[in-house]
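Here the structure comes first, spelled out in structure tokens, and everything after it is commentary.
The values are calculated or read from the model by the stated rules, or taken from the named source; none is laboratory data. Values in this document were obtained by computation on a predicted structure and should not be read as measured data. Cβ sites come from the backbone with ideal geometry, for glycine too, and all protein chains shown count toward neighbours.
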Amino acid sequence: MGVLNVTGDSFSDGGRFERPDDALRQALRMADEGASIIDIGGESTRPGARPADLALELNRVVPVIAALRRESAVFISVDTSKPEVMRAAVDAGADIINDVRALQGPGALAAAALTGAGVCLMHMKGEPRTMQDSPSYDDVVGEVSTFLRGRIAAAQQAGIPAPRIAIDPGFGFGKTASHNLELLRELPRLQDLARPILAGLSRKSMLAKLTGRAVGDRMAGSVALAAIAVINGARIVRAHDVAATLDAVRVAAAVIQGEEFDGT
């Protein structure tokens, strides 16, 4: 899953792809590099971020989704929590709704169900503006698992069948570096939920603590985390550096599959 933030304030690529033409070129480049999904977001959810106005978010994402759908058959994901954006994005050609709030917002479950799109339900403790203010857990893996189990049940009750649901433990969303590492080590426990796991670790702040690298210099660390995530059960990897991450994922897949690996 290639990351495309069409915002001015996202932590890694904010401001780089605000113009629709620039965003489309980046999306097509990531697809050419091997991304199966392009995840387009018009509202920053970095720590400390403020909510985006509805009209602004719509104006940011809908033209890019429509343009990309005209140019490519790649799967398109919209990174949003707003029902209005979900509906407009799917109408414009999006296939997946990726919600950091796991469809907990007013009207979000109903909107997602009516679109017929796939959904990704993510765990986040708190809100982006405050989520990194001393987050704490008694059992981070257990609490994340319990939350996601509940959201899967809620989605199914709203009319979203299980095959349309993926889950995301929410690395960096209301979690310290230690919480993130524990979640990554114990990722196999989330396979009990029987839904595909998405891992979003690319360029996260935990890499600053682990490597001392600035945001733009975290590709090697991000690739290492992606490989570990796949070995531990992730089936979707969200990445800024698509080509390098795809190489790592292929190597990790070969290790997992052994003699069954066919090179694809």
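Scan segment 130-139 and tell me whether some residue there is without any contact (Cβ under 8 Å) to a residue 60 or more places away in the chain and part of a helix (DSSP H, G or I).
Within segment 130-139, none of the residues are without any contact (Cβ under 8 Å) to a residue 60 or more places away in the chain and part of a helix (DSSP H, G or I).
Taking the condition of being of a type in the set (Lys, Arg), in contact (Cβ under 8 Å) with a residue 12 or more places away in the chain and over 28 Å from GLY118 (Cα atoms), how many residues in segment 180-230 meet it?
Of all residues in segment 180-230, those of a type in the set (Lys, Arg) come to 185, 189, 195, 203-204, 209, 213, 218.
If we keep only those that are in contact (Cβ under 8 Å) with a residue 12 or more places away in the chain too, we end up with 185, 189, 195, 203-204, 209, 218.
Cutting the leftovers down to over 28 Å from GLY118 (Cα atoms) gives us 209, 218.
So the count comes out to 2.
May I ask you to say which residue of PRO196, PRO161, PRO135 is surrounded by fewer than 17 Cβ atoms within 10 Å (Cβ to Cβ) and either of a type in the set (Lys, Arg) or more than 21 Å from LYS209 (Cα to Cα) (or both)?
On the way: PRO196 fails: surrounded by fewer than 17 Cβ atoms within 10 Å (Cβ to Cβ); PRO135 fails: either of a type in the set (Lys, Arg) or more than 21 Å from LYS209 (Cα to Cα) (or both).
One residue alone meets the criteria, PRO161.
Quick check on segment 87-108: of everything there that is charged (D, E, K, R) and within 15 Å of LEU58 (Cβ to Cβ), which residue is nearest to the chain's Cα centre (by Cα)?
From segment 87-108, those charged (D, E, K, R) are 87, 91, 95, 99, 101; that's our starting set.
From what is left, the residues that are within 15 Å of LEU58 (Cβ to Cβ) are 87, 91.
Values: ARG87: 19, ASP91: 21 Å.
Filtering segment 87-108 for residues that are charged (D, E, K, R) and within 15 Å of LEU58 (Cβ to Cβ), the one nearest to the chain's Cα centre (by Cα) comes out as ARG87.
Please go through segment 65-86 and pick out each residue that is within 18 Å of the chain's Cα centre (by Cα) and not in a strand (DSSP E or B). Steps first, answer last, please.
Here is the first cut: in segment 65-86, the residues within 18 Å of the chain's Cα centre (by Cα) are 65, 74-83, 85-86.
If the condition is that a residue be within 18 Å of the chain's Cα centre (by Cα) and not in a strand (DSSP E or B), then ILE65, VAL74, THR80, SER81, LYS82, PRO83, VAL85, MET86 are the ones that fit.
Listed residues VAL74, VAL141, VAL100, VAL119; which is at pLDDT 95 or above, of a type outside the set (Gly, Ala, Ser), touching a strand residue (DSSP E or B) at 6+ places or on another chain (Cβ under 6 Å) and surrounded by fewer than 21 Cβ atoms within 10 Å (Cβ to Cβ)? So that I can check it myself, show each step before the final result.
On the way: VAL141 fails: touching a strand residue (DSSP E or B) at 6+ places or on another chain (Cβ under 6 Å); VAL100 fails: surrounded by fewer than 21 Cβ atoms within 10 Å (Cβ to Cβ); VAL119 fails: surrounded by fewer than 21 Cβ atoms within 10 Å (Cβ to Cβ).
Matching residue, one of VAL74, VAL141, VAL100, VAL119: VAL74.
Mind checking whether some residue in segment 93-104 is in contact (Cβ under 8 Å) with a residue 24 or more places away in the chain and farther than 28 Å from LEU183 by Cβ?
yes
Would you check if there is a residue in segment 216-228 being assigned to a helix (DSSP H, G or I), in contact with a Gly (Cβ under 9 Å, 6 or more places away or on another chain) and crowded, with 18+ Cβ neighbours inside 10 Å? Before you say what the answer is, go through the steps one by one.
Filtering segment 216-228 for residues assigned to a helix (DSSP H, G or I) gives 216-217, 219-228.
Adding the requirement that they be in contact with a Gly (Cβ under 9 Å, 6 or more places away or on another chain) leaves none.
No, that holds for no residue.
Among (1) in contact with a strand residue (DSSP E or B) (Cβ under 7 Å, 6 or more places away or on another chain); (2) assigned to a helix (DSSP H, G or I), there is one condition ARG238 misses while meeting the rest; what is its number?
ARG238 satisfies all of (1) in contact with a strand residue (DSSP E or B) (Cβ under 7 Å, 6 or more places away or on another chain); (2) assigned to a helix (DSSP H, G or I) except (2).
Which one is farthest from the chain's Cα centre (by Cα), of the residues in segment 109-123 that are outside any strand (DSSP E or B) and of a type outside the set (Gly, Ala, Ser)?
LEU114
For segment 197-215, enumerate the residues that are over 14 Å from GLY170 (Cα atoms) and part of a strand (DSSP E or B).
None; the set is empty.
Residues in segment 8-25: is at least one within 17 Å of VAL242 (Cα to Cα), at pLDDT below 95 and crowded, with 22+ Cβ neighbours inside 10 Å?
There is at least one residue in segment 8-25 that is within 17 Å of VAL242 (Cα to Cα), at pLDDT below 95 and crowded, with 22+ Cβ neighbours inside 10 Å.
Give me the residue from segment 165-176 that is of a type outside the set (A, V, I, L, M) and surrounded by 20 or more Cβ atoms within 10 Å (Cβ to Cβ) and, out of that set, farthest from LYS209 (Cα to Cα). Steps first, answer last, please.
Filtering segment 165-176 down to residues of a type outside the set (A, V, I, L, M) leaves 168-176.
Those left that are additionally surrounded by 20 or more Cβ atoms within 10 Å (Cβ to Cβ): 168-175.
Working: ASP168: 22, PRO169: 20, GLY170: 18, PHE171: 14, GLY172: 12, PHE173: 16, GLY174: 16, LYS175: 13 Å.
The residue in question is ASP168.
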